[in-house]
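Reading through the C-alpha cells given below for one structure.
Laboratory data are not the source of any read-out in this text; all were calculated from the coordinates shown. What you see is a predicted model; the values in this text were computed from it and never measured. Don't worry about glycine lacking a Cβ; one is built from the backbone with ideal geometry, like all the others, and counts go over all protein chains shown.
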C-alpha cells in the first residue's frame, strides 16, 4: 500500500501580526507489513496492536523511523542535511479510540561550518547551523461515525544550538491541536485542523547587530493560531 498527502497551514502570529503559510507534502510506500519507505527515511514497526489472521495482537503499536527529512546544496552553505529520528507509539481501545504518543529529533547541518544562530522576529523560528529540535506529543482520536473522526493533541518542542540535546536551548514551544477527519471513500481522507500555541526564546540570547546601530529588539514570546487543510490518498 502507498499513501500520498499534501497539507497547507496558514498561521497568524502575535504580537507583530505576521501571516505565514506553511505547506508540506509526503509519500509513503509499504515495502512489507512492517517496513515503510518515506523517500529519504524508513519506518519499521517493532510492534503492532492490530491482529493479523490468527496471530494475537501486541499490547501496543511501536514504530521507529530514521533517515533524512531534507537534503540540499548551495554555493554558500555547501551540502545541507536534516537528519531525523522518530519513535511513535499507538494503542487502539474499544474499537473507536486510538491514543498516540511520540518523540522526534530533527537536526540542521551544513558542510560549510557554523552559521551563528538568529531569530525570525515575527515567529521566533531559530535559524543557524548546527542546530536541532526535540518534539514530544500525545493525542487521542475518537471515531465518531464510519466516516468521521475527531482528534485532540498536545505538543511541546525545544530548539538548541547544537546537534546534541545537552546544550543551550534557544526556544521552547507548546501548543494544542483539534482536528476533524472525513473519509468519503476508502482511498481518500480529508482533514481540517486548528492549533493554538506559544513560543518563548531564551532571555540570555544576544541578537547580532551592527556595532554602529542600536541592537534589534526581539519579543520574548510570540503566540500563534493556525488552521490546516490536508488531503491524503491511499492505494
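Take the alpha-carbon centre of the stretch 8-47, take the same for the stretch 153-180, and report the distance between them in whole Å. Between the Cα centres of the stretch 8-47 and the stretch 153-180 lies a distance of 16 Å. Inter-label distance, residue 138 to residue 103: 1.4 nm, where each label sits 7 Å from its Cα along the C-beta direction. Of the residues 196, 93, 225, the one that moves most in a GNM of the chain with alpha-carbon contacts below 10 Å is 93. Pick from 76, 136, 31: which is most flexible by mean-square fluctuation in a GNM of the chain where alpha carbon atoms under 10 Å apart are linked? Of 76, 136, 31, the most mobile in the Gaussian network model is 76. Subtracting the Cα-Cα distance of residue 169 and residue 96 from 0.36 nm times their residue separation leaves 22.4 nm of extension gain. From the square roots a ≥ b ≥ c of the eigenvalues of the alpha-carbon gyration tensor of the stretch 71-189, which class results: rounded (a/c under 1.5), prolate (a/b over b/c), or oblate? Because a/c hits 1.5 or more and a/b exceeds b/c, the stretch 71-189 counts as prolate.
Remark on the stretch 131-200: hydrodynamic radius 14.0 angstrom, per the Kirkwood mean of 1/r across alpha carbon pairs. With R₀ fixed at 22 Å, the C-beta to C-beta distance from residue 31 to residue 68 puts the FRET efficiency at about 0.80. For the chain, modelled as a GNM whose springs connect Cα atoms under 10 angstrom apart, the maximal fluctuation among 11, 159, 79 occurs at 79.
You can think of it this way: the chain between residue 18 and residue 154 has 46.6 nm of extra reach, that is 0.36 nm per residue less the Cα-Cα gap.
Inter-label distance, residue 39 to residue 8: 1.8 nm, where each label sits 7 Å from its Cα along the C-beta direction. Between residue 120 and residue 186, residue separation times 0.36 nm minus the direct Cα-Cα distance comes to 19.6 nm. Each label was represented as a point 7 Å from its Cα along the Cα-to-Cβ direction; for residue 198 and residue 85 these points are 3.2 nm apart. As a rough footprinting exposure proxy, the listed residues 179, 26 were ranked by other beta carbons within 10 Å of their own, and the order from fewest upward is 26, 179. Can you classify the stretch 96-143 as rounded, prolate or oblate using the Cα gyration tensor, where a ≥ b ≥ c are the square roots of its eigenvalues, rounded means a/c under 1.5, and otherwise it's prolate if a/b beats b/c and oblate if not? Prolate shape, in that a/c is at least 1.5 and a/b is the bigger ratio.
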